[in-house]
1. Which lysines does K72 reach when only Cα atoms under 28 Å apart count, and residues fewer than 8 places away in its own chain are ignored?
2. With label points built 7 Å along Cα→Cβ from the Cα atoms of L19 and H52, find their separation and express it in nm.
3. Rg and Dmax of the stretch 3-102, using alpha carbons, in Å: what are they?
Amino acid sequence: MNRKLNNLKEGEYYANFNLVGEYIIKARKAKPKSESLNDMYFSWQDVGFYVHTLITNERLYEQSLSEYRSDKIRAVERARSSEQEVARLRTEVDKLRTKLNVGL
């Protein structure tokens with residue numbers, strides 16, 4: 001996906017995540033013994049870590065894919081230049097054989 005679009009979506013996600021997280025923290029500080037608020041707090045942390053991992057994995061995947069494409073393009077270019085060099089050398093060998101056969 002487009003890098004700029006991803007950055008905008010991630011920024012929006014993190015802003016919303018932080019906003020809700022602040023409310024959870026405030027509520028938890030107001031009622032520190034509330035089991036449901038504590039559960040919500042730790043679940044919210046888990047969600048944050050999970051989404052962060054997904055985002056990181058997606059970036060690494062895109063980077064790897066880009067590297068694989070570059071490697072493939074480089075290999076194709078090397079193969080083409082090698083084929084051109086082989087063709088040039090074959091032509092030169094044919095010329096030399098002709099000269100040898102003629103006795104020059």
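1. K4
2. Going by the 7 Å Cα→Cβ label model, 2.1 nm.
3. Here Rg and the maximum Cα pair distance are 30.5, 103 Å.
Coordinate-derived values only; no laboratory data. All values derive from a computational prediction rather than experimental measurement. So basically every Cβ, Gly included, is an ideal-geometry build from the backbone, and we count neighbours across all protein chains shown.
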